[in-house]
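Worksheet for the structure shown next.
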Amino acid sequence: MTAQADEAGCGRCFDEGEVELLRTPGAPLPADLVRRVAQKDPFHWDEQPAIIRRVLPQLVVMLAEGEAESDLMARGLAAAGWSRWPREQAGAVTGFLDAWWTQTLRTKSPPISAGAVFESCVTASSSVAPWLARWEAETGPIASRHLADSLDWWREELTSDDSPSGGGGTEAEERAAWHEVKRWLAGQARAT
């Protein structure tokens with residue numbers, strides 16, 4: 001996948017050499033370029049979904065390896081509308097997000113916190129339910145420890161209506177998602 005041949009990009013944020021790299025099939029991309037592309041608002045590109053598809057192979061590696069700003073990179077993925085891509089491409093993104101989240105829940109010391117991965121998956125997919133369902137299905141001590149750590153991390157947000165992720169949806173969507181998380185957490189507390 002490459003950017004369109006006539007992609008101009010935002011000349012203020014990306015120089016001609018960087019845009020040319022994005023147009024060149026198979027050319028390795030510097031990590032900093034992948035990060036900046038994924039984090040920028042869609043208006044920086046003529047065809048943002050094509051740009052995200054271009055950086056996606058390196059983007060998922062960076063996320064899996066513990067990219068510190070995973071939530072910002074997930075916003076670019078969400079803005080690209082990946083769930084409306086052709087079935088095979090959308091399935092690959094779904095598969096990655098599910099594998100990333102599951103592996104995080106099963107890893108004692110993941111590269112970034114489970115709370116950060118959860119927020120990134122929610123942001124990328126614009127959905128809370130599948131990630132909460134996976135967390136609930138993981139009944140071992142490692143997933144339970146991640147839940148306790150996330151509760152500590154989200155302590156302030158739990159007493160307010162503020163979403164911890166600022167995931168790029170509308171304010172109402174983010175508030176509704178956060179209320180869904182809070183209801184789920186309350187159910188988990190009752191179950192223990």
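The values are calculated or read from the model by the stated rules, or taken from the named source; none is laboratory data. This is a predicted model, so every value here is computed, not measured. Because the Cβ atoms are built from the backbone with ideal geometry, glycine has one as well, and the counts that use them run over all protein chains shown. These accessible areas exclude ligands, DNA and RNA; they are computed on the full protein's heavy atoms, side chains included. Shrake-Rupley method; radii C 1.70, N 1.55, O 1.52, S 1.80 Å.
Annotations for the structure displayed:
- The stretch 121-136 versus the stretch 15-30: alpha-carbon centroid distance in Å: 33
- A 1.4 Å probe run over the protein chains yields, for the stretch 1-111, 51 Å² of accessible area per residue, whole-number rounding.
- Overall, the accessible surface of the chain at a probe of 1.4 angstrom is composed of carbon and sulfur to the extent of 52 percent.
- Whether the chain is rounded, prolate or oblate, judged on the alpha carbon gyration tensor where a/c under 1.5 counts as rounded: prolate
- Computed with a 1.4 Å probe over protein heavy atoms only, the accessible area of residue 158 comes to about 50 Å².
- At a Cβ-Cβ separation cutoff of 4.7 angstrom, cysteine residues of the chain with no neighbouring cysteine are 121.
- Heavy-atom accessible area for residue 109, with the other protein chains in place and a 1.4 Å probe, reaches approximately 100 Å².
- Pairwise label distance in nanometres, residue 88 with residue 126, each label 7 Å out on the Cα-Cβ vector: 2.5
- Helix-only [θ]222 nm of the chain, DSSP H runs n ≥ 4, -39500 (n - 2.57) each, per residue, nearest 500: -20000 deg cm²/dmol
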